[in-house]
Amino acid sequence: AQSVAQPEDQVNVAEGNPLTVKCTYSVSGNPYLFWYVQYPNRGLQFLLKYITGDNLVKGSYGFEAEFNKSQTSFHLKKPSALVSDSALYFCAVRGPYGNNRLAFGKGNQVVVIP
Amino acid sequence: DGGITQSPKYLFRKEGQNVTLSCEQNLNHDAMYWYRQDPGQGLRLIYYSQIVNDFQKGDIAEGYSVSREKKESFPLTVTSAQKNPTAFYLCASSTRGTAFFTGELFFGEGSRLTVL
């Protein structure tokens, strides 16, 4: 079964500094990878996805993610963090076979310090 | 605007009571899902439905029930058999799931259930 690991519970970063949120995955076959963001007491919002093609994927709000097949990773990045980026970030993976169920990681709390 | 509406946003339940959470979407999506979110545990799939009048159990279906009588609606009932129902519940939808599904999920704003 597919799974993702988000090894850090919380990521603290100063405003204006680069932000990285780590994700590694396990899946049979080529992965479909997603990042979502959640603000307090709200639903999840889609940020970006990797299906195939270029390993660097650009998404909403200036976020991007790099797919690394050899390291089975899909880290989320933003060159310059904003205070408004403070939120809970989820990585998710789906395999290419079977149904469309996604496996979510446990989430990473990002705190951007002014 | 198109989207997913969950109600109520907050719900309190006494032990032994069944409660039903509403989820309605006007995105014309075939597939709908219910997730449970607990702090530090991420999202866990309760039930999902890929088409009207059909649904499947997810990873934590015990103590929950669903119906899918209309494309737009996918209500979740939390029964008294669910031993630890206090959680944040999220409904989502997507284009129809197939082996080649590559679309993202669209989420509602969630319903927070508290058992008193």
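The values are calculated or read from the model by the stated rules, or taken from the named source; none is laboratory data. Here the structure is a predicted model, which is why all the values come from computation and not from measurement. All Cβ positions, glycine included, derive from the backbone under ideal geometry; neighbour counts span all protein chains shown. Surface accessibility is based on the protein's heavy atoms, side chains included, excluding ligands, DNA and RNA. Shrake-Rupley method; radii C 1.70, N 1.55, O 1.52, S 1.80 Å.
Against the condition at pLDDT 90 or above and within 30 Å of B:Ser49 (Cα to Cα), how does A:Lys78 come out, does it pass? Spelling it out, it is not the case that A:Lys78 is at pLDDT 90 or above and within 30 Å of B:Ser49 (Cα to Cα). Here B:Tyr47 passes the criteria (1) touching a residue at least 40 places away in the same chain (Cβ under 8 Å); (2) of a type in the set (Ser, Thr, Tyr); (3) within 12 Å of chain A (Cβ to nearest Cβ) except the one numbered (1).
For segment A:74-98, the set of residues classified as over 21 Å from A:Leu44 (Cα atoms) and without any contact (Cβ under 8 Å) to a residue 60 or more places away in the chain consists of A:Gly98 only.
Table: residues versus (1) touching a strand residue (DSSP E or B) at 6+ places or on another chain (Cβ under 7 Å); (2) open to solvent by less than 10 Å² (accessible area, probe 1.4 Å); (3) more than 11 Å from chain B (Cβ to nearest Cβ).
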{"position": "A:Trp35", "(1), (2), (3)": "yes, yes, no"}
{"position": "A:Lys49", "(1), (2), (3)": "yes, no, no"}
{"position": "A:Leu56", "(1), (2), (3)": "yes, no, yes"}
{"position": "A:Glu66", "(1), (2), (3)": "yes, no, yes"}
{"position": "A:Leu76", "(1), (2), (3)": "yes, yes, yes"}
{"position": "A:Ala81", "(1), (2), (3)": "yes, yes, yes"}
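Checking each residue in segment B:38-58 for being in a loop (DSSP other than H, G, I, E, B) and either of a type in the set (Asp, Glu) or touching a Phe, Trp or Tyr at 6+ places or on another chain (Cβ under 7 Å) (or both) picks out only B:Gly58.
I'm checking my understanding of the structure. Among residues of segment B:62-80 that are part of a loop (DSSP other than H, G, I, E, B) and over 23 Å from A:Phe104 (Cβ atoms), which one is modelled with the lowest pLDDT? Write out each step before concluding.
We begin by selecting, within segment B:62-80, every residue part of a loop (DSSP other than H, G, I, E, B); these are B:62-63, B:67-69, B:71-72, B:74-75, B:79-80.
Keeping just the survivors that are over 23 Å from A:Phe104 (Cβ atoms) gives B:67, B:69, B:71-72, B:79-80.
On the way: B:Ser67: 97, B:Glu69: 97, B:Lys71: 96, B:Glu72: 97, B:Thr79: 93, B:Ser80: 88.
The selected residue is B:Ser80.
Restricting attention to segment B:92-106, does a residue exist that is under 14 Å from A:Gly43 (Cα atoms) and open to solvent by 60 Å² or more (accessible area, probe 1.4 Å)? Step through it out loud before you land on a result.
Step one: of segment B:92-106, the residues under 14 Å from A:Gly43 (Cα atoms) are B:92-93, B:104-106.
Applying the additional criterion that residues be open to solvent by 60 Å² or more (accessible area, probe 1.4 Å) yields B:106.
Within segment B:92-106, one or more residues are under 14 Å from A:Gly43 (Cα atoms) and open to solvent by 60 Å² or more (accessible area, probe 1.4 Å).
Scanning segment B:20-46 for residues that are modelled with pLDDT of 95 or more and open to solvent by less than 20 Å² (accessible area, probe 1.4 Å) yields B:Leu21, B:Cys23, B:Gln25, B:Trp34, B:Tyr35, B:Arg36, B:Ile46.
Take A:Asn100 and decide whether it is within 13 Å of another protein chain (Cβ to nearest Cβ), modelled with pLDDT under 90, within 29 Å of B:Ile51 (Cα to Cα) and buried (at least 21 other Cβ atoms within 10 Å of the Cβ).
On the way: within 13 Å of another protein chain (Cβ to nearest Cβ): yes; modelled with pLDDT under 90: yes; within 29 Å of B:Ile51 (Cα to Cα): yes; buried (at least 21 other Cβ atoms within 10 Å of the Cβ): yes.
Considered against the rule, which asks whether it is within 13 Å of another protein chain (Cβ to nearest Cβ), modelled with pLDDT under 90, within 29 Å of B:Ile51 (Cα to Cα) and buried (at least 21 other Cβ atoms within 10 Å of the Cβ), A:Asn100 comes out as yes.
Yes/no matrix, rows are residues, columns are (1) free of Cβ contacts under 8 Å to residues at least 40 places away in the same chain; (2) assigned to a loop (DSSP other than H, G, I, E, B); (3) under 27 Å from A:Trp35 (Cα atoms):
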{"residue": "B:Trp34", "(1), (2), (3)": "no, no, yes"}
{"residue": "B:Ile60", "(1), (2), (3)": "yes, yes, yes"}
{"residue": "B:Gln82", "(1), (2), (3)": "yes, yes, no"}
{"residue": "B:Leu90", "(1), (2), (3)": "no, no, yes"}
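Filtering B:Val52, B:Val78 for residues that are of a type in the set (A, V, I, L, M), crowded, with 18+ Cβ neighbours inside 10 Å, more than 24 Å from A:Gln45 (Cα to Cα) and more than 9 Å from chain A (Cβ to nearest Cβ) leaves a single hit, B:Val78.
Restricting the first member to segment A:59-73 and to residues that are modelled with pLDDT of 95 or more, and the second to residues that are β-branched (Val, Ile, Thr) and crowded, with 16+ Cβ neighbours inside 10 Å, the beta-carbon pairs closer than 6 Å and six or more apart or on different chains are A:Ala65/A:Val57; A:Thr72/A:Thr24; A:Ser73/A:Thr24.
Filtering A:Gly107, A:Gly62 for residues that are at positive phi and within 14 Å of another protein chain (Cβ to nearest Cβ) leaves a single hit, A:Gly107.
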